[in-house]
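Notes for the one structure printed next.
What follows draws every value from the coordinates through simple rules; no lab data is involved. Bear in mind the structure is a predicted one, so any value in this text is a computation, not a measurement. Please note: Cβ atoms are built from the backbone with ideal geometry, for glycine as well, and neighbour counts cover all protein chains shown.
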Ligand SMILES: Nc1nc2c(c(=O)[nH]1)N[C@H]1C(S)=C(S)[C@@H](COP(=O)(O)O)O[C@H]1N2
Ligand SMILES: [Mo]
């Protein structure tokens, strides 16, 4: 009995030593990252490396299950795995101090390798946070393990071994280490926060120019009064966010540059933000849609964007679309965090409002949505068009280069599918019998929506009332008054676009080029 207690309490000491060493390692790494470059911190780089290596199906599952919390869940997961390894190494440390310390250093090397392999790595310095953290963690573990008392409480709380401490002494040392580490970590976080200060100031002081070509006013009839329907314009704070960035890039507008180069570019050029902003700007309402949006999903939104017409810049650079004999059929946009997205050059130059946007709903782009400049192409899913934090545009071909998502099984070309969604009633709602307003949105960017039909159970398709169409690049609201009778009912919607194409019933997943199928909602009328 007392033997068992000794073993288990000794295991507890080992676990504690391991965890304190891990906290120390992370905190020192955060501090060094805060002093150098916050995006090089170990959790950020390991998380980034994991995101890049996650199979498309798993990533799709994560987005679906955790939504926009997927990144926090990933970070918690990394910390949980680290805690497990720390406990293991701590236990090992009581028997083999050197091996355990070496294990911590090995983890540091893994972190350093992840940091150096990030596409936005700025050089060897990015290995520093992981290395410094690992050295601090290894020393802490070695030291604590060497001082750990044996499990049996010494008589009268005296020294329990020749070199070790009393239990209380050990716990005090562990507590002091943990407290010191926490302060270092907090300081590191504070310094990391300050790294973006120049960017924050540059965003706050940015004055958006007036558009040379303003958006047409949204028709009054574009917004229906159905409670629960998505508002026609999505406020910035509610706009969905999908990207691979664990830390949102904070780009300083003053030092930001955009380079245009590549195949068929006769006049390569690098622009500053001011050089873009003195050009005539266009302002447009555009509905952006994510390819990971499931049938009925939340990953789309409409905003009023302000920006430079991309085709103008391409023409000035001497680029011609393939239909005019141009050599490049793919434009690859690259962001400051190394993301690459590829769009068909033909689409960008066919007269649509493909733009480099600087403004979103009357303000500078929020950092989450790509400050200072992002790309937007009406009619294409975000992953083949909407590069945030863009810094480089390269003209190339689809045959010679696969951008990030295409390397991960998504389609090279992905125009947005004709789709519709029921916003109200919500799934499993319990509306009262009588007139119930069914309402939602439908979208087929570049084509426009001409018809929306609603069906209850196996009844006939009935035409929904359409709100006014803003432009072919925006979604369209619809509603339908339903005489709800008691019982369970399945409500289904389908849309028709201006080419006459009826939204297909065929259900597909989001991979490789966007989900299809009809959205249904089951409700119970009590
Ligand atoms: N740099 C960068 N740009 C990106 C992405 C990304 O991961 N990194 N994701 C793309 C995807 S998949 C979509 S759907 C849109 C989403 O833009 P939003 O977050 O502003 O809604 O951004 C696109 N641009
Ligand atoms: Mo997306």
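Miscellaneous remarks
- Extension gain, residue 316 back to residue 139 (0.36 nm per residue minus Cα-Cα distance, nm): 57.8 nm
- Extension gain, residue 522 to residue 462, is 19.8 nm, computed as 0.36 nm per intervening residue step minus the present C-alpha separation.
- Stokes-Einstein diffusion for segment 226-357 at 20 °C, viscosity 1.002 mPa s, with a Kirkwood radius from C-alpha pairs, works out to 127 µm²/s.
- A simple spin-label model places the labels of residue 207 and residue 64 5.0 nm from each other, with each point 7 Å out along Cα-to-Cβ.
- Förster radius 30 Å - calculated FRET efficiency between residue 407 and residue 278 (Cβ-Cβ, nearest 0.05): 0.20
- Each eigenvalue of the Cα gyration tensor of segment 409-526, multiplied by 5 and square-rooted, gives one semi-axis; in descending order these are 27, 17, 11 Å.
- Every pair of different Cα atoms in the chain enters the Kirkwood calculation, which places the hydrodynamic radius at 26.2 Å.
- Computed lengthening from residue 168 to residue 183, 0.36 nm per intervening residue step minus Cα-Cα distance: 3.2 nm
- 0 to 90° range, to nearest 10: angle between helix 128-147 axis and the chain longest Cα axis: 30
- For the chain, the longest principal axis of the alpha carbon atoms and the long axis of helix 70-95 meet at an angle near 10°.
- Taking the centroid of alpha carbons for each part, segment 389-452 and segment 1-69 are 35 Å apart.
- Using alpha-carbon coordinates, inclination of helix 56-66 to the longest axis of the chain, degrees: 90
- Helix-only CD estimate at 222 nm, as mean residue ellipticity for the chain, using -39500 (n - 2.57) per DSSP H run (n ≥ 4): -11000 deg cm²/dmol
- Label reach from residue 113 (point 7 Å along Cα→C-beta): in segment 85-106, amide nitrogens under 14 Å belong to 105-106.
- Rg ratio for segment 212-275: its Cα radius of gyration over 2.2 N^0.38 Å, N being its residue count, equals 1.80.
- Relative pair counts by distance (%), Cα atoms of segment 1-89, 10 Å bins: 16, 34, 27, 16, 7, 0
- Cα pair count fraction exceeding 22 Å, expressed as % - segment 312-456: 51
- Residue 76-residue 350 FRET efficiency (beta carbon distance; Förster radius 41 Å; 0.05 resolution): 0.35
- Computed over segment 49-194, the percent of Cα pairs more than 19 Å apart is 65.
- Beta bridges from DSSP with both residues in the chain: antiparallel share about 95 percent, rounded to the nearest 5.
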